[in-house]
Structure formats: structure tokens, C-alpha cells
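The values are calculated or read from the model by the stated rules, or taken from the named source; none is laboratory data. Not measured: the values here are computed from a predicted model. Backbone-built Cβ (ideal geometry, glycine too); neighbour counts: all protein chains shown. Please note that ligands, DNA and RNA were not included when accessible areas were found on the heavy atoms of the full protein model with its side chains. Shrake-Rupley method; radii C 1.70, N 1.55, O 1.52, S 1.80 Å.
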Amino acid sequence: MTNDEQVFVIREREGYSPKIGLMVSMLTNSRHYLSNAVRDLSVEELDAKPKGASNTIGSLLAHLAAAETLFQCITFFERRFNDEEENLRGRDFRLESSDAPRGRKLESYLQDLSSVRAKTLEEMRTRDDTWLEKSRTFSGHPANLHYFWLHYLQDEARHTGQISSIRKHLLPNSDANFDPYNF
């Protein structure tokens, strides 16, 4: 089985404890669909402010890198953004100036997402399933670390859908037949 085919097999992953391996499988699958949803987009399309949309596709990609970085801080290091991270990622996390043109190529966003994910996977390798059960609060509600990563996974899936809708219906010269599942 090639690596591309393994994206559709949700299972434990070598090098990870069982539950963490399952989460890694799901994160890998979600990223596969995100990558397909943005494939071949130009800088202009990434920066386009679609009528009726709150965010550009580029701002959503930057937001996802920032959100995963924040979840790393919270779950791995038991803190929020430090000053450096806040300066680098804070605006993107909050989607401030989300309609401002960034002029970034798709490869730049994908590389950023990839390097953030590499850090997530590196840290997850060093933890076991009991770590996932550590108690925290999420927006004032009882939660565990497993929930934090499920929440990130849901966020990535929601934004992938948002990106697909923008691409299919709201961009200038959009293609209503674009299929993010066709790879």
C-alpha cells in the first residue's frame, strides 16, 4: 500500500500509542482533503475576497496553521501563545485582516501547514494514550486533551468545506464542477 492509499485507512500508526495513532490517521486524512481543496490555486485566488464570504482562502490556510500551533501550545506545553508566537500567529488565529491580500503562493501556505504538522507528530510520538485523557477545560467546560485534538480536526474539516464552497461558487471565474474529492 502506498502512502497515498494509506490516507484512507484509519488505524493505529507505527511509532504512536494506539489512540494517538488513530488521531494521527484522522489528521492525515483531513489534511489530504484540505490539500485537494486548494490544489492549483493561484495567488490571486488565494487572496480573492469573495462576495458574501468573511475570509479569503489564504486567510483560512494561515488560520489553520495558527490554530494547530495554539493547540500544540495548550496540549503539549500547557500554555497559550508566547510573545513570539503571538506576533507570528495571533492575528491569523483570530482571522484579523482576513481579507487583506497576502501575496503568498500556495506552496508557502502548504509548507507552513506541513512544518506545523511535523511538530505535532513529533510531539505526539513522545506521548502515550493516558496523555490524551488529561483533564483540561475548553471554554469553561470539562474536557480532555483528546477533545482538543478532535476540535482541531473538526476545525480543519469545517474550513476545508468553506474553502471548497468559496472555490466552487464565490471566486471570480469559479468552477461549480470543482470536486475536492477528485484527486
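Computed values, structure above
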quantity: Förster radius 22 Å - calculated FRET efficiency between N173 and K105, Cβ distance, rounded to 0.05; calculated: 0.70
quantity: Distant-in-sequence amide H partners of N144 (H built 1.01 Å from N, under 5 Å); calculated: R136
quantity: Accessible surface ranking that places the most exposed of Y109, Y33, Y16 first, with a 1.4 angstrom probe; calculated: Y33, Y16, Y109
quantity: Eligible lysines near K134 by straight Cα distance, threshold 29 Å, same-chain separation 8 or greater; calculated: K19, K119
quantity: Estimated vicinal HN-Hα couplings, Hz - segment 64-73 in sequence order (Karplus 6.51, -1.76, 1.60; Gly, Pro = x); calculated: 5, 5, 5, 5, 5, 4, 5, 5, 4, 4
quantity: DSSP-loop GluC sites (Glu not before Pro) across segment 111-177, with at most 15 other Cβ within 10 angstrom; calculated: E133
quantity: Computed over the chain: relative contact order in percent, which uses C-alpha pairs under 8 Å that are six or more apart; calculated: 30 percent
quantity: Candidates N173, N144, N55: whichever shows maximal mean-square fluctuation once the chain is modelled as a Gaussian network with Cα springs under 10 Å; calculated: N173
quantity: Eligible lysines near K51 by straight Cα distance, threshold 23 Å, same-chain separation 8 or greater; calculated: K105, K168
quantity: Kirkwood hydrodynamic radius over Cα pairs of segment 56-183, then Stokes diffusion coefficient at 37 °C and 0.692 mPa s, in µm²/s; calculated: 204 µm²/s
quantity: Helical mean residue ellipticity (222 nm; -39500 (n - 2.57) per DSSP H run of 4+; nearest 500) of the chain; calculated: -17000 deg cm²/dmol
quantity: In Hz, Karplus ³J(HN,Hα) per residue of segment 36-43 (6.51, -1.76, 1.60; θ = phi - 60°; x = Gly, Pro); calculated: 5, 5, 9, 3, 6, 6, 7, 4
quantity: Loop-located GluC sites (Glu not before Pro) in segment 13-49 whose Cβ has at most 14 other Cβ within 10 Å (DSSP); calculated: E14
